[in-house]
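Encoded as structure tokens, the structure appears first; notes follow it.
Every read-out reported here was derived from the displayed coordinates using simple, explicitly stated rules and does not represent laboratory data. Every value quoted in this text rests on a predicted model; they were computed, and no experiment measured them. Cβ atoms come from the backbone with ideal geometry, glycine included; neighbour counts cover every protein chain shown.
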Amino acid sequence: MKIDTKKLSLKEGITKEWIITNGIGGYSSSTIFGINTRKYHGLLIAPLTPPARRHLILSKLDEAIETDEKKYTLYSNMCKNYISEGFKYQEEFEKDYIPIFTYKVKDITIKKLICMEYGKNTICILYKIDNPGDSIKFTLSPVMNFRDFHTMTTNHEFSIKQNIKGKKVKVEIDNNSSNPIYMHISDGKYVEHYNDTFNNMYYIEEESRGFFPEENLCVPGRYEINIPAESQKEIAFICSLEENIEEINVKKVINKEIIRINELMYKTGLLEEKQDIEKLSKQEIEKRNLLRNFIIATDNFIAYRPQFALHTIIAGYPWFLDWGRDSLISFEGLLLVTKRFDIAKDVLLTLTRDIKFGLVPNGYSGYDNRPLYNSVDSSLLLFEAVHKYLEYTGDYKFIENNIYNKLVLIIDNYEKGIDLDDNNIFLDIDGLISSGTENTQNTWMDAKYGNHAFTPRNGKAVEVNAMWYNSLKILEELCIKFGKRKQANKYKELAKNAKEAFEKQFYNKKKKCLYDVIGDSKVRPNQLFATSLSHPILEPNGTIAEEMFETVTKKLLNKYGLKTLAKGEKDYIDVYEGDGFKRDSSYHQGITWPWLLGLYYDTINNKKKKKKDRNKKKELQNKRQEFIEATRKTFIKDIFERGAVGSISEIYDSKAPYLPKGAIAQAWSVAEVFRIIKQYWED
């Protein structure tokens, strides 16, 4: 995808972002104008204990050209009262496999290609300079730091120690001798700077999020490269936490990454490997571009955890790590649809290795990798992921040998009761699961500021009990498959009790939908779990389910997802903005989430699957196709034109212009939308 940056205003350019990742939790990200607007932006954000402890290493490279005794700055930086205007020389931004910037000064053309070495904390930047005129001097100034990416170095004086050996430089920032930074360039000379600080870089997005927006960064030196008259030259720059970077061939790194991504794309079977692009119709090109960009987007979230020797799923960029709930909701769209079955097995092993008292970790600490257990639903979502894995692979042997006993352990503990991390989970006498306290945030609506949980949802939550029933039915099937009839009967009876109690207690006759939590009549999207799972606790075409679906459609559905609360309900908020308290207070109180489209889509599928009347079945098929087409139209525009170019945001405002907000690239947003839109060409 190419963007003509000449047609964009500064305001438009800094709202469009890009991101690439390195498969171990690190990433490179900025705006398409190269202006860092977040403390999380940088050319190299490196995890010190992958995928955790991410640190800003290389913030940016400031480039300039000197010709005719005049200096032209290609970089753009923002301070409170000043913006350098290198973006005015930018002609184009392209993001396909990797980001490519094109600049033009007079008749000199400069292309900048940015690529991470997969599996390494290394960023490679290749400059291609076409100089048809007199000789010029090209300078590169690395703007650096060494800080946790959640923090900022405000009013900070840096301590810099450098060791220069030709074109290779070793830099220690603030006495971090255990984590030296290495830089290397293919041509030119390095000129050391002394006490050179970039003061008060301004991050406009941090200010809008209620944080102090300015910090200092260091500029330890600059590279100077002479470009002869009437010549073309390639310059390769590398910055890394790896030492032997002088051996790296940047062009090979880029080609290797392109080959890796192509192999992923063609393995999915969604794209033909050998196609003559020139002979494709406009519709075929659109299909190819959209699918390939979604496949590339899915790859960004897959990371390797060396301490487990297993893969995991990063929930979202820039600030999230791997979360159990997010991994399981993203599981089908990221891994099964793309036929990454070996990675899928890894993720299931990752999620089950630290189960404690029946709880799948909701995540791991970003500082010490300690498992966190504040989740009632992650363990139950595991059953649906296992069921989907078996649908795609039929690999019962893997599940029997590695996962089955963990599933039994989960159900046994939910039945006995779990109070780890204040989860307060127990099976009530009526057959339904209750969990949480007023101060607990253990469902996916988990916003909490200090000790205040905005949506505690303690008690008998609708989706938890829908998942409980679904989990029991899946385990019943596995018991039968593995010859354990007695256990199967036990789970069958527990499921029967849950279903009977659910049908009696969750129907909200007044609002013609389901209670979100028994006793809480707010209209929320969580009720769709009752009809969207592999074993719906409600008959999808029954009267109650039909009423519920109509209410959800009318009050919650929009083209970007489903609102988390219906307009008119107490505390409804439709714009996500302000400081941390204000944003958290709106997070699940009316803001739109794209991943919820997956629940809506699966409900339509279950309704269609279970409908016997041919005319009604045809009507549902038409509704399904209309929904898929509407989703495709929305996100073919969004993935290319708004937010992070080539990905989908975490959330959206719930009123026009439905601005993308939150994390710029979210795993379950990409996974669920991809799962839906790929059906446009398969139906």
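Annotations
- Seen against the Cα atoms of the chain and their longest principal axis, helix 250-267 is set at about 20 degrees.
- Rounded to the nearest Hz, the phi-derived 3J(HN,Hα) couplings of the stretch 586-593 under the Karplus curve 6.51 cos²θ - 1.76 cosθ + 1.60 (θ = phi - 60°) are 9, 3, 10, 10, x, 5, 8, 10, where x marks glycine and proline.
- Partner aspartates and glutamates for K555 [C-alpha distance under 16 Å; skip if fewer than 8 residues away on the same chain]: D516, E546, E547, E569, D571, D574, D653
- Hull volume per residue, based on the alpha-carbon atoms of the stretch 284-681 and their convex hull, is 140 Å³.
- Helical contribution to [θ] at 222 nm, DSSP H n ≥ 4, -39,500 (n - 2.57), averaged over the chain, rounded to 500: -10000 deg cm²/dmol
- The stretch 390-457 - percent relative contact order, Cα under 8 Å, separation 6 or more: 17 percent
- On Cα atoms only, tilt of 543-555 relative to the major axis of the chain in degrees: 30 degrees
- For the stretch 340-437, chymotrypsin sites (Phe, Trp or Tyr not before Pro) are listed when DSSP marks them as loop and at most 12 other Cβ atoms sit within 10 Å of their Cβ; the list is Y367.
- For the chain, the longest principal axis of the alpha carbon atoms and the long axis of helix 462-481 meet at an angle near 80°.
- For the stretch 345-354, putting each phi into the Karplus relation 6.51 cos²θ - 1.76 cosθ + 1.60 with θ = phi - 60° gives couplings of 4, 4, 5, 4, 5, 4, 6, 9, 6, 10 Hz, in residue order, rounded to whole numbers and with x for Gly and Pro.
- Whichever lysines have a C-alpha closer than 17 Å to that of K11, once near sequence neighbours (fewer than 8 apart) are set aside: K80, K88, K661
- FRET efficiency, Q307 to D4 (Cβ-Cβ, R0 35 Å, nearest 0.05): 0.20
- Ranked by the mean number of other Cβ atoms within 10 Å per residue, highest first, peptides 478-486, 70-78 order as 70-78, 478-486.
- In a DSSP loop and with at most 12 other Cβ atoms within 10 Å, the trypsin sites (Lys or Arg not before Pro) in the stretch 558-603 are K570.
- For the stretch 307-331 versus the stretch 502-573, the inter-centroid distance based on Cα atoms is 28 Å.
- For the residue pairs K39/K287; K388/K559; K345/K496; K16/K111, alpha carbon separations beyond 28 Å are given by K39/K287; K345/K496.
- In plain terms, the bigger the Kirkwood radius, the slower the diffusion; for the stretch 260-359, with that radius from Cα pairs, at 37 °C and 0.692 mPa s, Stokes-Einstein puts D at 219 µm²/s.
- Relative contact order, percent, the stretch 261-391 [alpha-carbon distance under 8 Å, six or more residues apart]: 20 percent
- As a ratio to 2.2 N^0.38 Å, the alpha-carbon radius of gyration computed for the stretch 2-264 takes the value 0.95.
- Measuring max minus min along each principal axis, the C-alpha atoms of the chain give extents of 83, 56, 50 Å (largest first).
- Exposure proxy order (Cβ contacts within 10 Å, fewest to most) of F211, F640: F211, F640
- Per residue, the average separation of C-alpha pairs within less than 8 Å and at least 6 apart gives the chain a relative contact order of 10 percent.
- Straight-line reach from K233: taking Cα to Cα under 17 Å and skipping same-chain neighbours fewer than 8 places apart, the aspartates and glutamates in range are E63, E66, D107, D130, D134, D187, E224.
- Applying a DSSP loop filter and a limit of 14 other Cβ atoms within 10 Å to the trypsin sites (Lys or Arg not before Pro) in the stretch 251-323 leaves K274.
- Three principal axis lengths of the stretch 519-634 [C-alpha, angstrom, descending]: 52, 37, 23
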